[in-house]
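Just below is one structure, and these are the notes that go with it.
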Amino acid sequence: MTSPAFRPIRAALGAVALAACLTTASMAQTTLRAAMHSDLKVLDPVWTTALISTHHGYLVYDTLFALDDKLQVQPQMVEKYEVSPDKLSWTFTLREGLEFHDGTPVTAEDCIQSLKRWGSRDTVGQKLLSHVSAFTAVDPRTFRMQLREPYGLVLQSLGKSGSNVPFMMPKRVAETPGTNQIADAIGSGPFIFKKDEWKPGEKVVYLKNPKYKPRAEPASGLAGGKIPGVDRIEWLWIPDAQTQVNALLGGEIDIIEIISPDLLPLLGDSPDIEMRVVNQAGRQYAMRFNTLHKPFDNPKVRAAVMVALGQKEFLDANVGDARWYRECRSLFPCGSPLESTKGWEGVLTGDAAKAKALLAEAGYDGTPAVFLHQTDTSGHNNLATVGKAQLERAGLKVDLQPMDWQTLVARRAKKEPPAQGGWSVYFTSWSSVDVLDPVAAAFLNASCDKATFGWPCDPELEKLRDQYAKETDPEKQKAIAEAVQMRVLVYPTHVPLGQFTTPTALRKNVTGLLQAPSFAFWNIRKK
């Protein structure tokens, strides 16, 4: 007979799935069960920017460098590195004993090919590789990167913490073009993906990597010693937020990655539950334009949208509690070094009348905008509905199309016109550390076909991003960033919709959860 404590999960997963969960979990010594913000359907964290795929990547893969809890870049797989006096030659030596889950050693060739694949896809990687003239494997553990000219963001690029992360893969896997998804999740990280137990829509399973060689330093953010503290991790997909809370209170799961603020009172009085904000820097909501097709192929229409939208409605509808959000009329996050309101006094005002006039001036012809509306991601499922209401008040026609997040992730990659299965707008959020500057912010990549979903094409933005990448003086960097912010008023690529933090709920017998920009499952222990 099934314990009453498991009835919420029975309702969410079904009796057959639950039986499978219990049977396989009983074989492990220590099993950590987590309800994540989304179901995992895409295994390739380089092909997609979806956060759940990045979380998967950090379990399975490792990185050359990583950010510590002070957001400083630290060596991870790298034992040492050297820079030539002219700043054109960078030589990296891997730590001894690193090996992939299939038992093969990690080599310099693996790292070179992994960087090339990442650099073909990621906005930061593209900018870095545009300055690279050659990679050379010096010996099995050492490779050299030769630059055409000095580049000021080498370590920041290799230590990038958010989507897309430069994860190291076997060369044979990394030879897959970045435009094609990989299906092989063999990495050298602290956990091993159990593909035979992966059931999209139900659960994902990871096992402790017994051969993983952690660094000697204590764990700090995404850096330091990644020591697996449990034998088995299960991500159970429970789409209903109330069911997640019931499962946590009943001890059926151990962690809810993101809990909706309106459900916090249900957990506040429990002596067994702890609340913690893992990502202290928070996240930034964003509305992304598809610049290829009407109506948003016209920059003036996009500029009108920037006036029509107001952040507070988005924040109230998706976060709710003002303790967890912040309005921010700045392209770069408020509280960051590049925060600025310069030139943005007249946008994000929610002024429907002014926006309507701007749409008329732009020659908007009534073409409906197809909004991709994710319905299953906590804290994001009302973004599209709020945007629809605000833009319809300004006279824009909106076709709202509901879907789950993973379906949206697949559809946003389509370049076809909206009427043929494409799209006009989707909503998402970025970790604040992923959008701190013009090079890091993927939505500011305006390199046409090489840009991420939405494919903006603006030589002026690219020129400014190049200038920022080469500049080392903070004051001059700030001036360039403000020039980028002003350019986005003329050629909008996306609209920032405010900042928020997301509390994580966990049972008090779970310890060691680290503060980091992405969710770190190493260092966690369960009593």
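For Ser133, indicate whether it is more than 29 Å from Gln284 (Cα to Cα), polar (S, T, N, Q), in contact (Cβ under 8 Å) with a residue 12 or more places away in the chain and not in a loop (DSSP other than H, G, I, E, B). Full working, then the answer.
Details: more than 29 Å from Gln284 (Cα to Cα): yes; polar (S, T, N, Q): yes; in contact (Cβ under 8 Å) with a residue 12 or more places away in the chain: yes; not in a loop (DSSP other than H, G, I, E, B): yes.
So Ser133 fits the description; yes.
Could you list, in sequence order, all residues of the range 72-92 that are out of contact with any Phe, Trp or Tyr (no Cβ under 7 Å at 6 or more places or on another chain) and surrounded by 17 or more Cβ atoms within 10 Å (Cβ to Cβ)?
Met77
Could you check the range 260-303 and list, in sequence order, the residues that are within 25 Å of Leu436 (Cα to Cα), out of contact with any strand residue (DSSP E or B) (no Cβ under 7 Å at 6 or more places or on another chain) and of a type in the set (A, V, I, L, M)?
Ala303
Conditions tested, residue by residue: (1) of a type in the set (Gly, Ala, Ser); (2) out of contact with any Ser or Thr (no Cβ under 6 Å at 6 or more places or on another chain); (3) over 22 Å from Ala108 (Cα atoms); (4) not in a loop (DSSP other than H, G, I, E, B).
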| position | (1), (2), (3), (4) |
| --- | --- |
| Arg172 | no, yes, no, yes |
| Pro177 | no, yes, no, no |
| Asn180 | no, yes, yes, no |
| Asp184 | no, yes, no, no |
| Gly187 | yes, yes, no, no |
| Gly201 | yes, yes, yes, no |
| Leu207 | no, yes, yes, yes |
| Tyr212 | no, yes, no, no |
| Ala216 | yes, yes, no, no |
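Would you list the strands (runs of 3 or more DSSP E) that sit entirely within the range 355-438 and hold 3 or more residues that are under 30 Å from Ala66 (Cβ atoms) and touching a residue at least 60 places away in the same chain (Cβ under 8 Å)?
Fully inside the range 355-438 and qualifying: 425-431.
What number goes with the only condition from (1) more than 15 Å from Pro492 (Cβ to Cβ); (2) more than 25 Å from the chain's Cα centre (by Cα); (3) buried (at least 20 other Cβ atoms within 10 Å of the Cβ) that Val319 does not pass?
(2)
Sort out which residues of the range 404-436 are over 14 Å from the mean Cα position of the chain (by Cα) and within 21 Å of Met306 (Cβ to Cβ), and write them in order of number.
The answer is Arg412, Pro418, Trp423, Ser424, Val425, Tyr426.
Please go through the range 204-230 and give me each residue that is within 23 Å of Val278 (Cα to Cα) and in contact with a Leu (Cβ under 7 Å, 6 or more places away or on another chain), ordered by number.
Within the range 204-230, Val204, Tyr206, Ala219, Gly221, Leu222, Ala223, Val230 meet the criteria.
Read-outs: derived from the displayed coordinates by stated rules, not from any lab. Since the structure is predicted, the reported quantities are computational estimates derived from the model, not experimental observations. Heads up, the Cβs are rebuilt from the backbone with ideal geometry, glycines too, and the neighbour counts pull from every protein chain shown.
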